[in-house]
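Novice: Structure incoming, see below.
The values are calculated or read from the model by the stated rules, or taken from the named source; none is laboratory data. Quick caveat, the model's predicted, so the values are computed rather than measured. Ideal geometry is used to build each Cβ from the backbone, glycine not excepted, and the neighbour counts take in all protein chains shown.
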Amino acid sequence: MPRRAELANRLRELEQSGLTRRRRLVEGPQGSHLRIDGSSVLAFCSNDYLGLAGHPALAEAARRALDEFGVGASASGLISGHTDIHEALEQRLARFVRLPRALHFSTGYMANLGVLPALVGPGDVIFSDRLNHASLIDAARLSRADVVIYPHADTEALDRQLRQYPHRSKLVATDAVFSMDGDLAPLPQLLELCQQHDAWLVVDDAHGFGVLGEAGSGSLTHWGLSSERIVYMGTLGKAAGVFGAFAAADADVVEWILQRARTYMFTTASPPMLAAALLAALDLIESESWRQRHLKVLIERLSAGLSALPWRLLPSQTAIQPLIIGDNLQAVSLMESLRRNQIWVPAIRPPTVPPGTARLRISLSAAHREQDVDRLLASLRALIVADTTRAKPA
């Protein structure tokens, strides 16, 4: 089987380049401390930004819904899978993000793959930020519209491109918070350009929902933005601590997406118990604002401590704190050294990030304590001292 031998060679090449991924076996609930591969670790690896994934209120809401609705939805939302608790969730999400209507999707990936092809197609054009998430990239390809990549967060370049392409319909797609760099998209300027050039603005707020804005309502309220041109996507498996996603926009826009999004039409609806857990999560996000405040304290503490280290910390005011190492193998080595100290920080390597920018992606959570951040900083400093000692001549 020559094809199998070729794949085996490619796998060896990945390993030699420090690009092999390996799943870790996690025992028990998610949290700031995890049991992974049989060992307890202090975890800076998840997107559970508010510490809700293991919250007992979410589990209790799911248990109650399990008794009422059973396990599965058993059909798509357009057949018999859209229960009254799904409807309640969509209405609550729309109010939460200050938009007229919301549509619940099974995942953020499916939301983006549904939204973009519903809005544009052949003969249209999509302008996509160079660092957009894979789901937006794949959604643009799936739409069969022309795709133009603009330099990361470069609104002047985007303005020139929007003027250059006289297509029937235009759409600008961007992450609100970029998942590997932690920086914010210039949403006010992007919206202004979309208004000037009669374009849609699709905002993927996977890492801003629940964290940024008033009461965690997301990046649109963070920037004070409102427009019928905006289609907003929020992820519910990160700060909300559960699973799923939603698209929110003008009521007619959401109705059109419901009628045209294949990833909504042709998939079984999410289990009702997840919708119940999400309603409980929204209650906590709105009522326990200390979570967002505590997260900001941790971000400032970590950023100040990392600034004294030899590696470059990318500027980020979000829970995503990327420490650029550069070399793939060195990033993996640092990750493994921290693991031996019972700290888990993932090494992110190409193709997820550009070549030469391998990094430790430190993710903070409101479940972390200030002592947890100090422990991570102390471990990184100790690794630097150990490397310096080994490098000295005998």
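Novice: Checking residue 80 against (1) in contact with a helix residue (DSSP H, G or I) (Cβ under 9 Å, 6 or more places away or on another chain); (2) more than 17 Å from residue 230 (Cα to Cα), which test does it fail?
Specialist: (1)
Novice: Moving on. Going residue by residue through segment 143-157, is there one that turns out to be in contact with a helix residue (DSSP H, G or I) (Cβ under 9 Å, 6 or more places away or on another chain), surrounded by fewer than 22 Cβ atoms within 10 Å (Cβ to Cβ) and of a type in the set (Asp, Glu)?
Specialist: Taking every residue of segment 143-157 in turn, none turns out to be in contact with a helix residue (DSSP H, G or I) (Cβ under 9 Å, 6 or more places away or on another chain), surrounded by fewer than 22 Cβ atoms within 10 Å (Cβ to Cβ) and of a type in the set (Asp, Glu).
Novice: Could you pull out the residue among 61, 94, 102, 65 that is surrounded by 17 or more Cβ atoms within 10 Å (Cβ to Cβ), in the same structural domain as residue 225 (by TED's automatic domain parsing), over 29 Å from residue 221 (Cα atoms) and modelled with pLDDT of 95 or more? Outline the logic, then answer.
Specialist: Working: 61 fails: over 29 Å from residue 221 (Cα atoms); 94 fails: over 29 Å from residue 221 (Cα atoms); 102 fails: over 29 Å from residue 221 (Cα atoms).
One residue alone meets the criteria, 65.
Novice: Residues in segment 205-219: is at least one closer than 23 Å to residue 116 by Cα, surrounded by fewer than 24 Cβ atoms within 10 Å (Cβ to Cβ), in the same structural domain as residue 86 (by TED's automatic domain parsing) and touching a strand residue (DSSP E or B) at 6+ places or on another chain (Cβ under 6 Å)?
Specialist: No, segment 205-219 contains no residue that is closer than 23 Å to residue 116 by Cα, surrounded by fewer than 24 Cβ atoms within 10 Å (Cβ to Cβ), in the same structural domain as residue 86 (by TED's automatic domain parsing) and touching a strand residue (DSSP E or B) at 6+ places or on another chain (Cβ under 6 Å).
Novice: Same structure, new question: When you check residue 28 against the structure, is it loosely packed, with under 13 Cβ neighbours inside 10 Å, of a type outside the set (Lys, Arg) and within 30 Å of residue 212 (Cα to Cα), yes or no? Can you show your working first?
Specialist: Values: loosely packed, with under 13 Cβ neighbours inside 10 Å: yes; of a type outside the set (Lys, Arg): yes; within 30 Å of residue 212 (Cα to Cα): yes.
Answer is yes for this residue.
Novice: Further question on the same structure: Within segment 38-57, how many residues are under 22 Å from residue 288 (Cβ atoms) and part of a loop (DSSP other than H, G, I, E, B)?
Specialist: Kept after step one, since they are under 22 Å from residue 288 (Cβ atoms), are these residues of segment 38-57: 43-44, 46-57.
In the following step, the residues that additionally are part of a loop (DSSP other than H, G, I, E, B) were identified as 44, 46-55.
Of the residues in segment 38-57, 11 are under 22 Å from residue 288 (Cβ atoms) and part of a loop (DSSP other than H, G, I, E, B).
Novice: Okay, next question. With the structure loaded, tell me whether residue 330 is in a helix (DSSP H, G or I), more than 21 Å from the chain's Cα centre (by Cα) and in the same structural domain as residue 221 (by TED's automatic domain parsing) or whether it fails that test. Outline the logic, then answer.
Specialist: On the way: in a helix (DSSP H, G or I): yes; more than 21 Å from the chain's Cα centre (by Cα): yes; in the same structural domain as residue 221 (by TED's automatic domain parsing): no.
Against the criterion (in a helix (DSSP H, G or I), more than 21 Å from the chain's Cα centre (by Cα) and in the same structural domain as residue 221 (by TED's automatic domain parsing)), residue 330 does not qualify.
Novice: Just a yes or no: is a residue in segment 276-284 in the same structural domain as residue 85 (by TED's automatic domain parsing), touching a residue at least 40 places away in the same chain (Cβ under 8 Å), loosely packed, with under 15 Cβ neighbours inside 10 Å and not in a loop (DSSP other than H, G, I, E, B)?
Specialist: yes
Novice: A follow-up question, please. If you check 129, 138, which single one turns out to be surrounded by fewer than 16 Cβ atoms within 10 Å (Cβ to Cβ) and under 23 Å from residue 246 (Cα atoms)? Let's see the steps before the verdict.
Specialist: Values: 129 fails: surrounded by fewer than 16 Cβ atoms within 10 Å (Cβ to Cβ).
Within the list 129, 138, the selection yields 138.
Novice: Being more than 19 Å from the chain's Cα centre (by Cα) and either surrounded by 11 or more Cβ atoms within 10 Å (Cβ to Cβ) or of a type in the set (Gly, Ala, Ser) (or both) is the filter here, so list the residues in segment 45-57 that pass it. Walk me through how you get there before you give the answer.
Specialist: Applying the first criterion (more than 19 Å from the chain's Cα centre (by Cα)) to segment 45-57 yields 55-57.
Passing the criteria: 55, 57.
Novice: Out of 35, 21, which single residue is surrounded by fewer than 17 Cβ atoms within 10 Å (Cβ to Cβ), in a loop (DSSP other than H, G, I, E, B) and either of a type outside the set (Gly, Ala, Ser) or at pLDDT below 90 (or both)? Break it down stepwise before answering.
Specialist: Details: 35 fails: in a loop (DSSP other than H, G, I, E, B).
Checking each option against the conditions leaves just 21.
Novice: Sort out which residues of segment 163-207 are closer than 30 Å to residue 324 by Cβ and small (Gly, Ala, Ser), and write them in order of number.
Specialist: 173, 176, 179, 182, 185, 206
Novice: Quick one: count up the residues across segment 1-18 that are at pLDDT below 85, more than 18 Å from residue 338 (Cα to Cα) and small (Gly, Ala, Ser).
Specialist: 1
Novice: Then there is this: Can we say residue 42 is in contact (Cβ under 8 Å) with a residue 40 or more places away in the chain and over 20 Å from the mean Cα position of the chain (by Cα)? Don't jump to the end; show me each part of the working.
Specialist: On the way: in contact (Cβ under 8 Å) with a residue 40 or more places away in the chain: yes; over 20 Å from the mean Cα position of the chain (by Cα): yes.
Answer is yes for this residue.
Novice: Exactly one of these conditions fails for residue 336: (1) farther than 20 Å from residue 24 by Cβ; (2) in a helix (DSSP H, G or I); (3) free of Cβ contacts under 8 Å to residues at least 40 places away in the same chain. Give me its number.
Specialist: Residue 336 satisfies all of (1) farther than 20 Å from residue 24 by Cβ; (2) in a helix (DSSP H, G or I); (3) free of Cβ contacts under 8 Å to residues at least 40 places away in the same chain except (1).
Novice: Does residue 25 satisfy the criteria of being in the same structural domain as residue 298 (by TED's automatic domain parsing), under 18 Å from residue 360 (Cα atoms) and of a type outside the set (Phe, Trp, Tyr)? Write out each step before concluding.
Specialist: Numbers: in the same structural domain as residue 298 (by TED's automatic domain parsing): yes; under 18 Å from residue 360 (Cα atoms): no; of a type outside the set (Phe, Trp, Tyr): yes.
No.
Novice: Scan segment 185-193 and tell me whether some residue there is surrounded by fewer than 24 Cβ atoms within 10 Å (Cβ to Cβ), small (Gly, Ala, Ser) and assigned to a loop (DSSP other than H, G, I, E, B).
Specialist: Checked against the condition, which is being surrounded by fewer than 24 Cβ atoms within 10 Å (Cβ to Cβ), small (Gly, Ala, Ser) and assigned to a loop (DSSP other than H, G, I, E, B), segment 185-193 yields no hits at all.
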